[in-house]
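**Student:** Please read through the structure below; I'll follow up with questions.
Just so it is clear, none of the values below were taken in a lab; they were calculated from the coordinates. The model shown is predicted, which means the values in this text are computed figures rather than measured ones. Counting neighbours? That spans all protein chains shown, and the Cβs are built from the backbone with ideal geometry, glycine included.
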Amino acid sequence: MVDYAVTEQIGTRPRARARETSYLRNLDWVLLAAVGGIVAYGLWVISGITKDDITGDPNYYVVRQAAYALIGVAGMAGMTLIDPSFWRKHYRVVYGVLIFMLVLTPVLGTSVRNTRRWIDLGPFRFQPSEFGKLLLVLFLAAFLAERGKRIYERQTTTAAIGLAAVPMLLVFLQPDFGTAIVYAAIVGAALFIAGTRWSQVSVLLGLGVAIAAFVLWIGPAIGVHVLKDYQRDRIVGFTNPSKDPGGATWNINQSITAVGAGGVDGRGSSGATQTNYNFLPEHATDFVFASTAEQRGFLGVTILLLLFLLVIWRALKVVTLARDAFAAIAAGAIAFALLTQIFINVGMTIGMAPITGIPLPFVSVGGSSMVANLLAIGVLQSICVRRR
Amino acid sequence: MASRPVPIRPGRFLPRDPRVDAPYRLTPQLMFRLGILGFLVLAAFGVLFVRLWSLQVLSGNEFLVAAQDNLSFLETKEALRGPVKDRNGRVLVDNASATAIKVTPAFLPKRGQYAELRRLTRILQVPLSDVTDQIEKHGDDRLAKVIVKEVATESEVRFLAEHRTEFPGMTIEDTSVRRYPHGDLAAHILGYVAEISDRQLEQLNGYKLGDRIGQAGVEASFDKELRGIPGIELVRRDSLGQPKARPETKQLPVPGYGLRLTLDAKLQRAAQQAVIDGINRAQADEKWYAKAGAVVALDPRDGAIRAVASYPTFDPKVFTSRRKGALDFLTNSDVAEASDFPALNRALAGRYPPGSTFKPVTALAAMQEHILSPYDSLPCTGSYTVAKQTFKNWDPGVNQMMTLPTALAQSCDTYFYQVGKEFYDLPPDRGQPLQKWARTFGFGRPTGVDVGPETSGLLPTIKWKQATFTKKTDPCCFEVDRLWKPGDSIQLAIGQNDMLASPLQMARFYALLANGGKLVQPHLVSAIEQGGGSTTGPAQGSLVLRSYRPAAQELNLDPAAIDVIRQGLYEATHSPLGTSSGVFGHFPVPIAGKTGTAEKVIDPGDGMRTEDTAWWCGWGPYESPELVVCAVIENGGFGGEVAAPAALQVFEQYFGKQASSFEVKQAD
């Protein structure tokens, strides 16, 4: 729940103090350290996982990933310098860019396994939907903050959902079911932090459950196929992995085997047969957590998950420090988006969530995801240094 | 919470709240909601931790075993295919051991696999595209091996064994391949073995990707019996996909059953040579389009096929080599056409106008229908005119009255034109008895021989004409062409015009004449046997599991009618004016049979022209028949000139006797 202070008195004092304090001291150093720790841990893990992927160049992926991390860190620093109000003031442009990017993707996109998610930029592949997460957060936060007084009205909620539905649909049609779910989580979190009525929140939750039920079970039964067959198979497959071990659920069984085989202290980078012999598909991207679990064991993944927990906890703390509604909603939505991605990615490798192509933040090989997530941390820092 | 309404200017999209810059307060409500979020976060991580704990700490060992088992593969080991032998136990196909080079797609390096495959295929001298196509075909089944070369040479194997580590994913395996000790002998009947195709995988049950299965001939028709039961081995592999230790046998392969064919290898060889000699004879006679032919020899008592020759043929060895272009005659229609379709088994699947060899069918049908009295004489003249249409006799100079035996012996066309006209003039309520009887005698339908493919031939009927000539297929003249005209019956009587038959159908009918009215079931496999291994020479100690003796069908024909025809066919080979008496007259064993010279329009590429299909069908010995032979030389000219001598060669081999002398005659 966000409220505006009516008196000048309460409003000016914290802002004045913020201006006096140096940016550096106000940076959330714990958050920075946690993110740095995950990135470093991720690079180390990736180096072990991908050493055999390219004959003759064991460091191919690590070097590229490190370069992306450096670009991301620079971007993060840049984002820290930009005042959050900048995004709030130009939220229409933000929305325009978001839609433009996503419309452009299927037009210019490169087709990989029948999906168009990437735009080729010379040596790099750019994945607009990853950056779209941050843009959606910034847009929604601004939109809801600007209509703060009318947040209880049904029209506000409807308008916010309606506007967010456009990028969501575009991503869904790429098709990228996983990222569309993350977008939905962002909308939910933004509305929740902004103060949408409980009655509306519960209606939305109910609606979400109903849509899921329709897409997965009722729709196919009456002949309406919203999801591609492979998407549905994977999602239904995770609920019953042993149904068809050779087909749709092969990935998930191999992944669970990899995680379990890791044991307490892991099988090391050369003993991890599931990863090294390609039983684990996409072991550097979507299934990187399973590879990590196989190579580094329960101890290794515990360290990783605790670092993630620390990042999310600090992000939630940033919400309490935010100087205005926009900043609070943005920080809350970023925190929840991270949680969603982590939970779905980790969950799918251990049979608790459907298999979707969501990367594990800061760890999965992929430039767009790495840079976009670091930019989001930059926004958090920017909010943090301009605290109340 | 202030309740003053915020003024909103109408008409503007998404109006801005004017007081947004105001700082905000951290309200208890927001703290409550943050608390809920925090609880969600803890719950989510808690759930993940619990699940990871249960997977990794509590059941880690079970999954470790599962992961290790992933590296041990249950592989099937193909059973030794059963041998195929001729009726005397001579081995026609058995197995030879070979060394195969295979790759497992899953173990190929992720990058650089094409470089590796290119190098491997260059060493083995096989086309790279073959291998990549196979890998593509295997799709997601990355653990199923792909054969790079089925029979690698000793030096190739030695080189690859030494450089094993440079080819991750490659395996060198002992295997067996089909061996054909007699080269092209009965190649069409034996068929070949090759990797299962996508379509077969869909249609057949009990096979899996990468299986080798019979693709034609007996290998295909009796694949289930020949293939045996594959064994199962547990193989542990290292990271290069190389087997680490001796495979552990889980189930021993059970060798396939053997097949005993009705073929006689020596007679088969003679029949193949007879076709070639027949073609050469036609070529010597300047019949330049004579390039193909077929011979069928069967036992008229039980339908056992003793020899099936079809030329051009091929050496089945090509199927085990991956030599570039070796299989083009099967896969490339241009190459197939240029080499006269060597894969086509003309004896069973060739469709030819039967010409005069069909006359006994007409005669028998006419006598069964009581429209022909065999000893009443009909005029045999140079031509026969009906409804302003003139039909010529092959010999324009003849002019005499003939009985049926003489008409058969001299192959008088005009005699049979009159019989054809009789059939045409029958009242419509009698149907089409000539076709009905021809069908009863096995024409226009498959013979049901146990090794395909075969053709049904074509038996023209009123119904067939109406279905064939429609507005769509024949826009200008279908209304006339679809009618059954007198000429249709007249031409059918001498096996011309639309009528088509395979040599096998024809041989089956002559078997009926030979055995006195029983329609035999032609067959090639006489027994399924166990044991006997792949020994050469006569079979020893093999156990017959199942023998095939398909029953002949008694047609209850008028024995007198058959006798008249038999007499006519004996005169054809023995009376001075008989069409093939010069060929068979001096052969010590009495032979009876009929020549045929069927006109056929062909287009060899330089325009349409009419060529003659040369036929001879008959049996011997005349009184107690043991062998029916049908010979066809495509575009070979007169049946009496090229087909009859080819048939004689088969009889000579069968009876082990030579004709003291023979002369050919340009006779239909």
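**Student:** How many partner chain Cβ atoms sit within 10 Å of a residue's Cβ in peptide A:300-306, on average, as a whole number?
**Tutor:** Rounded to a whole number, the mean comes out at 2.
**Student:** Which order do peptides A:254-260, B:522-528, B:28-34 fall in by mean Cβ count within 10 Å, highest first?
**Tutor:** A:254-260, B:522-528, B:28-34
**Student:** In terms of Cα to Cα distance under 19 Å, which lysines are near enough to residue B:224, apart from those fewer than 8 places away along the same chain?
**Tutor:** Residue B:224 reaches B:77, B:85, B:208.
**Student:** Enter the mean number of other protein chain beta carbons within 10 Å of the beta carbon of each residue in A:146-153, as an integer.
**Tutor:** 5
**Student:** Turning to a different aspect of this structure: Fewest first, what order do A:139, B:638 take by the number of other Cβ atoms within 10 Å?
**Tutor:** B:638, A:139
**Student:** Ok, one more. Give the order of B:370, B:182, B:163 when sorted by the count of other beta carbons within 10 angstrom, beginning with the fewest.
**Tutor:** Ranked by crowding around the Cβ, least crowded first: B:370, B:163, B:182.
**Student:** Check residue B:92: other-chain or 5+ apart residues with amide H under 5 Å from its amide H, H built from backbone geometry?
**Tutor:** Result for residue B:92 returns B:84, B:85, B:86.
**Student:** What does DSSP give for the protein assembly as shown in terms of the percent of beta bridges that are antiparallel, rounded to the nearest 5?
**Tutor:** Taking every DSSP beta bridge within the protein assembly as shown, about 95 percent pair in antiparallel fashion.
**Student:** Residue A:81 versus residue B:232, label points 7 Å from Cα toward the beta carbon: distance in nm?
**Tutor:** According to this spin-label approximation, the distance is 6.7 nm.
**Student:** Where nothing but the Cβ of Lys and Arg (+1) and of Asp and Glu (-1) is charged, how large is the charge dipole of segment A:80-167 around its Cα centre, in debye to the nearest 20?
**Tutor:** Using only the charged Cβ atoms, the result is roughly 180 debye.
**Student:** If you don't mind, there's one more thing I want to ask. For an R0 of 22 angstrom, estimate the FRET efficiency from the Cβ-Cβ distance between residue A:93 and residue A:158 and round to the nearest 0.05.
**Tutor:** After rounding to 0.05, the efficiency reads 0.45.
**Student:** Would you kindly derive the ³J(HN,Hα) couplings of segment B:286-303 from the backbone phi angles with the Karplus curve 6.51 cos²θ - 1.76 cosθ + 1.60 (θ = phi - 60°), listing them in order in whole Hz, with x for Gly and Pro?
**Tutor:** 6, 8, 6, 8, 7, 10, 9, x, 8, 9, 10, 10, 9, 7, x, 7, 9, x
**Student:** Let me ask another. Looking at chain B only, what percent of DSSP beta bridges run antiparallel? Nearest 5 please.
**Tutor:** 95 percent
**Student:** Which entries in B:287/B:317; A:149/A:317; B:421/B:465; B:485/B:665 show an alpha-carbon gap greater than 28 Å?
**Tutor:** Checking Cα-Cα distances, B:287/B:317; B:485/B:665 exceed 28 Å.
**Student:** Mean Kyte-Doolittle of at least 1.6 plus a Cα span of 30 Å or more along the axis: flag which DSSP H helices in chain B meet both, please.
**Tutor:** B:28-52
**Student:** By how many nm would the segment from residue B:59 to residue B:466 lengthen if fully extended, with 0.36 nm per residue of separation less the alpha-carbon distance?
**Tutor:** Full extension of this stretch gives 139.0 nm more.
**Student:** What does the charge dipole of segment B:479-604 about its Cα centre add up to, to the nearest 20 debye, if the Cβ of each Lys and Arg holds +1 and the Cβ of each Asp and Glu holds -1?
**Tutor:** It works out to roughly 440 debye.
**Student:** Mind checking which of B:129, B:440, B:512 is farthest towards the positive end of chain B's charge dipole, using Cβ charges of +1 (Lys, Arg) and -1 (Asp, Glu) about the Cα centre?
**Tutor:** Most positive-ward Cα: B:129.
**Student:** Right, here's the next one. Would you kindly compute the Cα radius of gyration of segment B:486-599 and its largest Cα-Cα separation (Dmax), both in Å?
**Tutor:** Cα radius of gyration and Dmax of segment B:486-599 are 19.7, 62 Å respectively.
**Student:** Rounded to the nearest 20 Debye, what is the dipole magnitude of segment B:99-138 about its Cα centre when Lys and Arg each give +1 and Asp and Glu each give -1 at the C-beta?
**Tutor:** So the dipole magnitude of segment B:99-138 works out to roughly 180 debye.
**Student:** Exposure proxy check: B:554, B:571, B:286 ranked by fewest other beta carbons within 10 Å?
**Tutor:** B:286, B:554, B:571
**Student:** Looking only at other chains, what is the average number of their beta-carbon atoms within 10 angstrom of each beta-carbon in A:83-89?
**Tutor:** 1
**Student:** Using θ = phi - 60° and the Karplus form 6.51 cos²θ - 1.76 cosθ + 1.60, what ³J(HN,Hα) does each residue of segment A:162-169 get, whole Hz, x for Gly and Pro?
**Tutor:** Result, rounded to whole Hz: x, 5, 6, 5, 4, x, 4, 5.
**Student:** With unit charges on the beta carbons (Lys and Arg positive, Asp and Glu negative) and the dipole taken about the Cα centre of segment B:555-608, which residue among B:555, B:602, B:567 sits farthest to the positive side?
**Tutor:** Of the listed residues, the answer is B:567.
**Student:** Can you divide the C-alpha Rg of segment B:151-215 by 2.2 N^0.38 Å and report the result to two decimal places?
**Tutor:** 1.51
**Student:** When only C-alpha pairs under 8 Å and at least 6 residues apart count, what is the relative contact order of chain B, in percent?
**Tutor:** Relative contact order of chain B: 14 percent.
**Student:** Using only Cα atoms, locate the centre of segment B:44-99 and the centre of segment A:362-388, then give the distance between them in Å, rounded to an integer.
**Tutor:** The distance from the Cα centre of segment B:44-99 to that of segment A:362-388 comes to 47 Å.
**Student:** What does the helix-only formula give at 222 nm for the protein assembly as shown: each DSSP H stretch with n ≥ 4 adding -39500 (n - 2.57), the total divided by the residues, and the result rounded to the nearest 500 deg cm²/dmol?
**Tutor:** -14500 deg cm²/dmol
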